[in-house]
Structure formats: structure tokens, C-alpha cells
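Asker: Shown below is the structure under consideration.
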Amino acid sequence: MLWFILKRILWSIPTMVLISIATFIIIQLPPGDYVTAYIAELEETGESISALEAEELRASFGLDRPLVVQYWDWISKIIFYGDFGLSLDWKLPVSDLLWDRIALTLMISTLSLLLTWIIAIPIGVYSATRQYSVFDYLFTVLGFLGRGIPDFLLALVLMWLGFAYFNFHVGGLFSPEYADAPWTFAKFWDLLAHLWVPVVVLATGGAAGLLRVMRANMLEELGKPYVETAYAQGMGEREVVWRYPVRVALNPFFSTVGWALPALISGDVITAVVLNLPTTGPLLLRALLNQDMYMAGGFILILSIFTIIGTLLSDILLTLTDPRIRHA
Amino acid sequence: MRDAENLLEIENLDVKFEMRDHTVHAVQGIDLTIKPGEVVGVVGESGSGKSLTARAILNLMPRSAQTSGSVLFNGRNGPVSVLDHGRESRVMRELRGGQIGMIFQEPMTALSPVHSIGQQVMKTLTLHTDLRKAALEDRAAELMDLVQLPDPRGMLKKYPHQLSGGMRQRAMIAMALSCNPSLLLADEPTTALDVTTEATILNLIRELQEKFNMGVMFITHNFGVVAELADRVTVMNHGIIEETGDIDQIFYDPKAAYTRKLMSLIPRLPEYAMADNVEAMVPAQPKEASREQAEVVLKVENLKMHFPTKKDWRGRTVEELKAVDDVSFDIRRGETFGLVGESGSGKSTVARAVLRAYQPTGGSVQFKAPDDKFHELTELQGDSLRKMRAHMQMVFQDPYSSLNPRMTVEQLIGEPLVNQGETNGALIRDRAAMLLERVGLNADMLSRYPHAFSGGQRQRIGIARALVTNPSFVVLDESVSALDVSIAAQTIDLLRELQETLKLTYLFITHDLSMISNFAGRIGVMQKGKLVEAGSTVTFFANPREAYSRRLLNAVPIPDPRRARALREAREQQALSA
Amino acid sequence: MTDVTTSPTDEPTRVIDTARPLTLMWWRFKKHKLALWSLYAIGFLYFVAAFAEFLAPYDPFKHSKLHAYVPPMSVHLFHEGEFIGPFVYGLDRKRDPETARLSFAEDTDKVLPIKFFHRGDSYHFWGLYETDLHLFGIEGGRRDRIYLLGSDSLGRDLLSRLIYGGRVTLSVGLIGVFFSFVIGITLGSIAGLVGGRVDAAIQRVAEFVRSIPTIPLWLGLAAALPIHWDPIFVYLLITVILALIGWTNLARVVRGHFMTIRNQDFVLAAQLSGAKPRRVVTRHMLPSMTSYVIAAVTLAIPEMILGETALSFLGLGLRPPVISWGVLLQDAQNLRSISLAPWLLAPGGAIVVTILAFNFLGDGLRDAADPYQK
């Protein structure tokens, strides 16, 4: 068992290396580099720099060396010093900008994941045990709607409805007076008041998908002979359902946490842009549009690594809950 | 006719299901009684309604079921009319597991995969008794001991997937008996088990039944099992009771035509297999005599089929499964060689390796083709192997998955011809039509798809497909095991008749000793990948050499209650004197 | 031979007995009403996209400064209690003296009848020949226009833009799925057929791709596309990017089915009767799984459409002057424009309808994919 977990952790290391290489390739992909973009920017304002100056600029950023060297330079600093390089756009170390935003993204993603479960599990179980009932149909329709509406569209509509009918300004995570204030209870409360919108937006899409999965899993499990055995033991319906099939049906659930996380983080990035949240989304978008490569790379790398850790955790969770895997 | 002495009284039970455009009467006018301490066997083929009847006793039918009639259970607290109480009612929940125990067919899936055996047994106990904590665990361990599971305390911590089929079924029985029920419902509890395991489980059920003086309703399709266990027998067919009677009356003087038909069709071990005086009983075997003159057509020597199960990081095999380990036998023209064994013994792998579904990892298989020369099958490759396949064919076990549902019968039967390079469509069609009639179906069914046919008919189509290229050698891989008794008997007749007229040589893979004893001229017994014994059927059944063969033979349930009783008494005598 | 004589084979052959697999699937699919309606809806959407030039009342680029943010007009049938056929009223422009904002009201004196097969803006139909025939339009002065879904900040007709945008968005879905289908089915069938180490390697790659959050990856790849490239080329590359990430699910489905079918007895039966590997795959394995693959492909299309919309919406995908639903939604990105002109959200409605229809259709197809299960 311990050995299994250890093996699983070891397995994720090559994946992380691959991710870092992929990230580096992505940030190298745009034709030209920051200096090119910088020159273009200067030219727009009517200024210009000579070719020599450009070369010097490149050398000062280390952009003239072979790619492998640049990669090693980049990744080794991250691993050994937590140094993600300098944001060429903000003229600040990337790590200064990164962590606050990542923390908020993770918080929103985790909260949405929890909300997703709180919605999906009971409704999935209900729908399966009362198949073809009125509420089953209702939840099915709602589930399909949730699956059909893209996150950012839902955010837009909520924003519009909130503004037009409730005079409530949806968007951001803090009211202006708290944005730069130090952490206090009042600020925390303010955060909660703003937080629910992105969390609900992200959770609806996920919950709609998981609801279908849960319902299908439950229907399959309810048809298994051990359910009949449980009834024959003298258990009531509620006990039978929650003690046995739910336990089993949850297993594929745990195993999909790993996939739910990338989806939620993706959702957060785009929703954050719409709702103007101080999470990774807007910053990543800006970095990409400006070809601020270390900044973009840092975000993509960290977000990907967190999803790998999420997958890892879900695998371990699955091992703990399913004796069939535990003893394999 | 209420009788206080009856433990269970079912009167005029009807169960029906309303479908969109018609009504399905699953069970009609059932009358059945069980007295305390009585074992009632309920026998019937699939779809006879026997399982549904058992579920009606617990009021655990599908929700869409509509019932009428009455089911009266004389419980500890007075009689309960089961159908008058709700499915979810307190009364019913108290009966289930508390006074009526039930065991199911599938020991793997009938236990929760995510709870330990202990948790599941103790759950029943907490539902119906006041036992808690240490006392609860003691009682659970006691039950493990009762069903003769080793290391009772340790067993409580195990999960179902860690146990063998027989052990799971024992745990299931422990669960059913945990609250001393007065009635036990057993729904095909041994059908999924190997024959030797089946015998021990049947013994256990009988022992416990006697010990606690339980009434038992034992549902099965196997007359042999009923003969071992039942006091009275009810025969069901298509939802109605054909006949109920004392066990000896049913077996030796069946009244209903249906019972008589079934009795005549069930495969039995030959008399000499059970006689003490072998010489007197052995019949003159014409097959045996002719076999000696016939030439050998298949020589299997030191056949090995090993599958890697674990590889190291360099891809080298460090552990392997010896599915077939050094097996040698030969088969003569026109005979049937029966290869028997329990599940996992490697018998099917032998057949597949011989037919080159796999490349054997060692040994040789020599096959005499119509050109009268021996060909080393293990060395054939590509086109020469493909050509050779015309002469050796296979009939599968599962009539459903062995026919491609997306092809018509004509395409299915004609396919081997196409594969052998035949391109003349009219010729293929004629040949397919001819074979379809040969196996007892109509030639005008050629354009139908497999979904239009029943299991038995599909198996006939499978036989026609196997014969279309005029093979001389056919492997029958459990070819009648998935069929009901009567259909199996007809299929066997067909196979026998085809063998005689077409001079076919069969390799018959089966787990069913009774069936093969009437069919094969010679028999081989496999255990754990090895051929432990091979010889003529008569010698084998009259006087098996190996201990394992004897164990296998003794375990076969015999549809002869008098004999079963005599054997049991003899065994008890033995046990007493020992 | 009671088996044979008591069974329905003595009866004349029923229709169902000889029903081809496709027929059985269609019967089963038809029972799924929602899926059937979705099929019609999708057919309608693609029909509209195909005949965009004819169905759209205006050239989608034709702007009019006088008509910025015109709200959707309603179609009337009765004027002053008298039936005169479908028409709209003319517009009455007012400027709020304080906020300097334009507002529009119906000018109930001015009846502008809707004419069918109207001659309007000229266009090259499918690039083949020039015509100016539109399904409908209004006659009237130079300044009179019909905006059934309202207009945008430049006074362009949203309905026309929506119809043209559908052509791009809906085809991105198809082309993207085609690319991911090619990658997915190739890798999936190789994994399922060859097995062993190749299978393990492909599985690892798929797992790897799936563990990366898609949007950051899309953004990263899309940002790599230079702004000044030909829009058509960008469009193709966007679909390729979507496909590069979207193939894993298809590969998983294909591999899973190859694995299941490989172990079916009828495949072994074909091999044992001398079928060549090619025949086993093409005659037995592929026909058994095409229906599942079609269902999976159908369910993958909405993913592609969502991807395109999200990218374009963020400004990293397709860019004006290309019109797609994502590009159209960009206009609705900030609160100010939505509160001013909520009808700019209309492309969102089209997206939702399309995605739902594809999901329902895919579900229906999947349910009908195996007509032989009990």
C-alpha cells in the first residue's frame, strides 16, 4: 500500500518534467521574443532602437543562448531558488506576482469542487433511486442546461442580471475599499460576499457533468446482486442505498477528481477574465498577449503541476476507499 | 386449508408485469408449502419463474410487479401475510435476515466489494439482535467457524475479492444463518461453483439444515443437486407448477409429461460408474472396439502454453502462468475425446492452442489433413495455416457472443468459405442453405440476423458455420453448457448424428462429467494445467486411477435420490467408525 | 426437436428478423424524442450556415452610424386593427439631452412591410455567381433598416452577423473534430490493436495531455499565432490546436472498444476460420464500433465549439474581421455594453442551443449504438 503510493508519486515526476518542457516550448513558440515585441511597441510610439541595441538587450535577458541552456537556466532557478525569472512586462520577479494569484485560484477551484460534490452526489443518488420520476426529469433537464452553458457565458448573464435587476455589482473579489487593505475580519467577510459568484459559476458546469456520472454509476450499482443481498439482510431502502451502492459508485467519482481539477482551473482562468477577479486568469491572458514569457510560463507550469498533484491525491484517495485496489 | 404446522404457505400466487403493449405473466397460480425442517427443491429451466417465487416470499420483487394470491409465513411472533405488508414495512424488514435467510447464486457480486466479510455479517446481526461490540464480533467469528471457514477471526477482516468462490459462498451462508432463521431460501447457490466445491457447499447446507431444523427452499435447474438434498420437489415451467411431490415419486414415478421429458433428458453417469462390481456392469462398447482400428489424426505432444504475468523493467518475464503444462494425448479418426476439468484447469487453453488461436510456447501438435500426411500445426504460418483451418473448426460456448450480430445467417455460415478464398456468391448461398437445413433450421432463414433466433438455434447456426468447409476435426468448447437441459439434449443428439454421418472427429471440452460420459469414447482429466489422467471412458468412470479424478467423480451430483441417500449413509458410517 | 418446432422460426419471417443493424439503430434512436428533435435542430442550424448569404438580410459588415445599438424590432401583423401582413415600424431616434445617449422608439406612423425574396446587398453565392437575392428585407428609404435582433455599436445587423458567425463556429466544430478524430482513431486503434508497450506509451501520452488544464494550454498555443497572419490560416491552426488537446477522449473510446471486441468470441471464430487480419478488423471489429465512435464524435463537437468560442471571446482565437459567435460575444464582454444592449448576448443563446442539441444527439446516438443489448 505504502509502496503503491510511493510508486505513484515517483511516476508523477517524469510527468512533471514533461510538463515543464511543454511549457517551455509553448512560451518559446511565438515568433520573435520579448525584444521584438518591445521594439514593435517602441515603433508605435515613434521611437526606435538600433540592431546593436537590440542584440545587447537580448544578451541582457539571456535570449541569445541555445534553447537547452535557456531551459535549464529557467527550470533550475525555479527548482532551487523558487525564482521564476523576471516579468519583462511588469519589471518585477514573477514569483512576487504569482503566488497570491495562484492561491486565490486554488481556493476558488477547491471551493467549487466541494460545491460540485455537494450538489451532484445527493441529486445523482436521488435521480437514480427515483428513476423517471418528475424530479429526475427536472434534474436531468437542469443538468443538461448546466452542461450546455459555458462558464463565461453564465458569468456574463449573472453579471448582467445582477446589474440590471438587483443593482448588485457582480465581479471582483473585494470591494474597492478592501482591495489593498491588510487582512481583517471585515475584509474576509467582504471576500466571502464576492466569492460565491465565481464559485457558483464554476460549480454549475462541473456539477451538471458529475450529476450524470453519479446517476449512471448509481443505476449500474443498484442493479447489482449485492443490493438485493442487503435488502434480504433486512435493511431499509435508505440504509441499503447509502451504505452500499453509494460507497461503490463514489469510487469512479474519486478517480475523476484528477480530471475535474484541470477543468475547474481552466474554467477559473476564463471566468476570472469576465468577472475581473484578481486570480491567475487576467494576468495570464495579459502575459500571453504581451509575450511576457517567464510570467506566462510560470503560471502555466504551476497550474499544471497543481493538477498533477490533484490527480495524485485522487489516486491515493481511491486506493484508500476501494479495497479491491488496495490489495491488488 | 390453513395448516398451523406449515412454516410457509403460498396460495394461488400470481405475479405479472404490465408492459407497454402486453402483459407478462411471470408466475401463475403457484401453491407451495414448506414445513419446519423440510427441504423443498424447486426445479425448472430458465424463465420458469422459480427465482421470482422466492423473491415474492421476501416481498422483494421488482417494483413494477403486480401480485395477487397469498404468501403466509408462520414466524416466531405468529403468522405474517407477506404480501399485505409494504416492501419497506417494519414487519418485512424484521422477517428478512431475521427469520428468513437467503443465499444467492453469484458469490462474487452478491457481497459488497467495499466492505469486509465481518462488516457485512455484523450488519445483519446489529439489525436483528442486541449484540454490540465484542459480543458482536464473537458471534460473527462463531458463524465463520460454523460454516467451516479457516481462521474465523482473521476471516472477518477479509474482503470478498480475497476469497475463492466457495469461501465467499460460505460467508454468504454465514450471513443468511446469523440470526437463526427458520426458513432458508437458496437461489441456485452452487450453480456458479466448480463441481468439487459444489459438493462441499451442498454438504454444508444439509448439515446446517439438520442442525438447526430449518425449512429450506432450494432453487436449482440441476436435478442432481435436488436428489442430494430435497425431501419434496416442485417442478416449474413457464411460470406454472407442473408437479409437486415426494422426492422419490418425482424421480421414479413422475406424473406430469414435462417432468417425464426432463427426466429422460438429463445426462446421467453410466451405471458402471457407480457400481461396485464393475465387470458385471460394463456394457459391450462397440465404439471402444472400433477405436482401436482407427488411425490417429491428432497427436499432441508435450504441449506448453505459458503466459507471462509479471515482467521486470527490462521486459523480461519474471513470473508466468503455466496454463497448459506438458500435455500429451492423441485422438483417433471418428472418435470423441472428452477433455474435462474445473475452471482454470487449462482445458480451453489446450483447445485454443491446438487450433492455433495461440502460438504454443512449447511442444508439438501433429494433425493429419485430408492429404493423409501429418502437418506440424505449431510450425504453420500465414497462408498455409489459413488453408489448414478449413479442416479444423470450433463450436463455441456462448451462442450470443460467438455470432457477429451485424451479419446475416448467410454471411455468418458462408464466412469460412469466403476466408478460404471462395468468391462464387451463389455457391456460398447454396452451401449455407444446405447446412442450415442439415442442422434442423429452414433454408429461408438465410436473410435473418442472429437476433431473430433463440439460444439453441444460434448454437445450431454456430455448428453449421463450423461444418461449412467440410472439416474432419471439430473442437466443441463447452458447446452445450450455456443451454437449458432440453435444448442441450437436442444439441447433443444433433452433434452425435453429424459425427456419424460426416465421420467427424471431436475434441469436446467440458466441465460436465455426466454429459461427456455418454458421448466421449475416451476422456482426459486436467488439473492446474496438467493432464492428470487419460484413457477410455469406461475405464475412467469404472475405475479412475488418480485421486483427483476420484474426487471429481464423487462430487458429481447424481439425479438418483435413493443412491444419494445410500452414499450419504455409507459416508456417515465411515465417519462414525473412523 | 421441440426447440425448433415451438419457436417462432416456423412463423413467416418478421420484419425485425431481417432488419439491418442500421435499421435497428434508427428504430431505437427514434424512441429518444429529444435526440430526434436535436437532430432536426442541428440540421436546421447547418442549413442556415450553409445558405448564410441568402438567409441573412444584410451584408454582415455593412455599418450605419445612424443605427448604433438599435434594440431588436418586433414584427407586427396588424396596423391600426387592420391585417396587412408582416411589417415593422420605422425608427424614431432621440438623443437624451443630458447623457447624450441615443435611444430608439417605434414610429407607429411609418409601416415598413417585410418583403420576401427581396433584392438587397449583393454577394457572391458560395463564391460561384453574383446575386442580390435575400430571403427577406424591407422596402423603404435609404435610412430604413430592419434589425430583428438589434444592431451593434457600428449599426451592423446582429441577425446577419449571427448567421454568418454560425458558419464559422459550426464549421470549426466539424473541422476540429475531424482533426482530433484522425489523431484519436489512429492512436486509439493502434493502442487497442497492438497492445503491450505501444499501448502503454500511448496511454501515458493521453494521460499527460489530459492532466494539463486546457484553457491555459489553449491560450498559450493560440497566443503563439501571429496576429498578422491570414485569418483563414489562423482559423485552421485554431482547429488544429483544439484537436491536439481534444483527441484523448476519442482515443480512449476507440481503444476501449477495440479491447472489448478483440475478446469477443465472434472475432476468434473469424480468425479460426482463416480470416486475414485485415478482414477481421474491417469486417468484424470496425462495424461493431463505428456507431460508438460516431456517438463519441458527436459529443466531441460541442467541446470544440466551446473551445473556439472561449478563445475568440478572450481575443486569442479568431479575430475581427472574421465573424464567429465567440468574436461576436467579445462585444458583450463588459458590463457597460451588456447593460446598454443586452441583445448582444444573443450569440450566447445560439451557442447554448447548439451545444445542448449536440449533447442530446450524442446521448441518443450512444443509446442507440448497440441495438443488440437486452
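Asker: Are there any pairs with C-beta distances below 7 angstrom linking a residue in the range C:134-146 that is among the basic types (Lys, Arg) to a residue that is surrounded by fewer than 16 Cβ atoms within 10 Å (Cβ to Cβ), with the two at least 6 apart or on different chains, and if so which?
Answerer: Qualifying pairs under 7 Å: C:Arg143/C:Leu66.
Asker: Taking A:Ala263 as the residue in question, decide whether it is under 24 Å from A:Pro93 (Cα atoms), within 10 Å of chain C (Cβ to nearest Cβ) and either among the polar types (S, T, N, Q) or assigned to a helix (DSSP H, G or I) (or both). Talk me through it step by step, then tell me what you get.
Answerer: Values: under 24 Å from A:Pro93 (Cα atoms): no; within 10 Å of chain C (Cβ to nearest Cβ): yes; either among the polar types (S, T, N, Q) or assigned to a helix (DSSP H, G or I) (or both): yes.
For A:Ala263, the condition - under 24 Å from A:Pro93 (Cα atoms), within 10 Å of chain C (Cβ to nearest Cβ) and either among the polar types (S, T, N, Q) or assigned to a helix (DSSP H, G or I) (or both) - is not met.
Asker: Follow-up. Mind listing whichever residues of the range B:162-172 are of a type outside the set (A, V, I, L, M) and under 23 Å from B:Ala186 (Cβ atoms)?
Answerer: Taking the range B:162-172 as the starting set, the residues that turn out to be of a type outside the set (A, V, I, L, M) are B:162, B:164-166, B:168-170.
Residues satisfying the conditions are B:Ser164, B:Gly165, B:Gly166, B:Arg168, B:Gln169, B:Arg170.
Asker: Specify the residue that is surrounded by the most Cβ atoms within 10 Å (Cβ to Cβ); the eligible residues are those in the range B:423-433 that are assigned to a helix (DSSP H, G or I) and not basic (Lys, Arg). Step through it out loud before you land on a result.
Answerer: Initial filter on the range B:423-433 (assigned to a helix (DSSP H, G or I)): B:425-433.
Subsequent filtering for residues that are not basic (Lys, Arg) retains B:425-428, B:430, B:432-433.
Numbers: B:Gly425: 11, B:Ala426: 7, B:Leu427: 12, B:Ile428: 20, B:Asp430: 13, B:Ala432: 25, B:Ala433: 21.
Among them, the one singled out is B:Ala432.
Asker: Give the residue that is modelled with the lowest pLDDT, with candidates limited to residues of the range B:290-317 that are surrounded by fewer than 16 Cβ atoms within 10 Å (Cβ to Cβ), away from every other protein chain (no Cβ under 14 Å) and in a strand (DSSP E or B).
Answerer: Once the filter is applied, the top-ranked residue is B:Val296.
Asker: Another one. Looking at B:Arg460, B:Arg389, can you tell me which residue is at the interface with another protein chain (Cβ under 9 Å from one of its Cβ atoms), closer than 20 Å to C:Thr18 by Cα, in contact with a Gly (Cβ under 7 Å, 6 or more places away or on another chain) and buried (at least 21 other Cβ atoms within 10 Å of the Cβ)?
Answerer: Result: B:Arg460 is the single residue among B:Arg460, B:Arg389 that is at the interface with another protein chain (Cβ under 9 Å from one of its Cβ atoms), closer than 20 Å to C:Thr18 by Cα, in contact with a Gly (Cβ under 7 Å, 6 or more places away or on another chain) and buried (at least 21 other Cβ atoms within 10 Å of the Cβ).
Asker: Pick out, from the range C:1-113, the helices (runs of 4 or more DSSP H) lying fully within it that include 1 or more residues that are touching a strand residue (DSSP E or B) at 6+ places or on another chain (Cβ under 7 Å) and either modelled with pLDDT under 80 or more than 14 Å from chain B (Cβ to nearest Cβ) (or both).
Answerer: C:52-55
Asker: Exactly one condition in (1) free of Cβ contacts under 8 Å to residues at least 12 places away in the same chain; (2) part of a loop (DSSP other than H, G, I, E, B) is false for B:Gln359; which is it?
Answerer: Going through the list (1) free of Cβ contacts under 8 Å to residues at least 12 places away in the same chain; (2) part of a loop (DSSP other than H, G, I, E, B), B:Gln359 breaks only (1).
Asker: What number of residues within the range A:219-237 satisfy the criterion of being assigned to a helix (DSSP H, G or I) and either facing chain B (nearest Cβ under 9 Å) or more than 35 Å from the chain's Cα centre (by Cα) (or both)?
Answerer: Final tally of qualifying residues: 10.
Asker: Quick check, is C:Leu22 aliphatic (A, V, I, L, M), outside the structural domain of C:Phe116 (by TED's automatic domain parsing) and touching a residue at least 24 places away in the same chain (Cβ under 8 Å)?
Answerer: Values: aliphatic (A, V, I, L, M): yes; outside the structural domain of C:Phe116 (by TED's automatic domain parsing): yes; touching a residue at least 24 places away in the same chain (Cβ under 8 Å): no.
Taking the combined requirement at face value, the residue does not satisfy it.
Asker: For the range B:105-121, what are the residues that are more than 10 Å from chain A (Cβ to nearest Cβ) and either buried (at least 24 other Cβ atoms within 10 Å of the Cβ) or basic (Lys, Arg) (or both)?
Answerer: B:Ile117
Asker: Going through B:Glu320, B:Glu335 one at a time, which residue ends up being acidic (Asp, Glu), assigned by TED's automatic domain parsing to the domain that holds B:Phe519 and modelled with pLDDT under 90?
Answerer: Going through B:Glu320, B:Glu335 in turn, the sole match is B:Glu320.
Asker: On to the next question. Somewhere in the range C:270-291, is a residue buried (at least 18 other Cβ atoms within 10 Å of the Cβ), under 26 Å from the mean Cα position of the chain (by Cα) and at pLDDT below 85?
Answerer: There is at least one residue in the range C:270-291 that is buried (at least 18 other Cβ atoms within 10 Å of the Cβ), under 26 Å from the mean Cα position of the chain (by Cα) and at pLDDT below 85.
Asker: Restricting attention to the range B:119-172, which residues are under 19 Å from A:Arg243 (Cβ atoms), of a type outside the set (D, E, K, R) and not in a helix (DSSP H, G or I)?
Answerer: B:Thr129, B:Leu131, B:Tyr159
Asker: Yes or no: B:Asp21 outside the structural domain of B:Gly154 (by TED's automatic domain parsing), among the charged types (D, E, K, R), at pLDDT 90 or above and over 27 Å from B:Leu193 (Cβ atoms)?
Answerer: Against the criterion (outside the structural domain of B:Gly154 (by TED's automatic domain parsing), among the charged types (D, E, K, R), at pLDDT 90 or above and over 27 Å from B:Leu193 (Cβ atoms)), B:Asp21 does not qualify.
Asker: Across the range A:15-34, what is the total count of residues that are modelled with pLDDT under 70 and more than 8 Å from every other protein chain (Cβ to nearest Cβ)?
Answerer: Residues meeting the conditions: 3.
Asker: Could you tell me which numbered condition C:Ser291 fails, if it satisfies all but one of (1) under 22 Å from C:Ser171 (Cβ atoms); (2) in contact (Cβ under 8 Å) with a residue 24 or more places away in the chain?
Answerer: All conditions are met except number (1).
Asker: Out of the residues in the range C:321-374 that are among the hydrophobic types (A, V, I, L, M, F, W, C), part of a loop (DSSP other than H, G, I, E, B) and buried (at least 23 other Cβ atoms within 10 Å of the Cβ), state the one that is nearest to the other protein chains (Cβ to nearest Cβ).
Answerer: Residue satisfying both the conditions and the ranking: C:Ala332.
Asker: Name the residue, out of C:Arg279, C:Arg204, that is farther than 30 Å from A:Gly297 by Cβ, without any contact (Cβ under 8 Å) to a residue 12 or more places away in the chain, of a type in the set (Lys, Arg) and within 14 Å of another protein chain (Cβ to nearest Cβ). First the steps, then the outcome.
Answerer: Details: C:Arg204 fails: farther than 30 Å from A:Gly297 by Cβ.
Among C:Arg279, C:Arg204, only C:Arg279 is farther than 30 Å from A:Gly297 by Cβ, without any contact (Cβ under 8 Å) to a residue 12 or more places away in the chain, of a type in the set (Lys, Arg) and within 14 Å of another protein chain (Cβ to nearest Cβ).
Asker: I'm trying to understand the selection: among the residues of the range B:434-449, which are part of a helix (DSSP H, G or I), more than 9 Å from chain C (Cβ to nearest Cβ) and either of a type outside the set (Gly, Ala, Ser) or crowded, with 21+ Cβ neighbours inside 10 Å (or both)?
Answerer: First, the residues of the range B:434-449 that are part of a helix (DSSP H, G or I): B:434-438, B:443-445.
After this cut, where a residue has to be more than 9 Å from chain C (Cβ to nearest Cβ) as well, the list is B:434-438, B:443.
If the condition is that a residue be part of a helix (DSSP H, G or I), more than 9 Å from chain C (Cβ to nearest Cβ) and either of a type outside the set (Gly, Ala, Ser) or crowded, with 21+ Cβ neighbours inside 10 Å (or both), then B:Met434, B:Leu435, B:Leu436, B:Glu437, B:Arg438 are the ones that fit.
The values are calculated or read from the model by the stated rules, or taken from the named source; none is laboratory data. Just so we're clear, the structure is a prediction, and the values are computed from it rather than from any experiment. For neighbour counting, all protein chains shown are included, and Cβ atoms are generated from backbone atoms with ideal geometry for every residue, glycine included.
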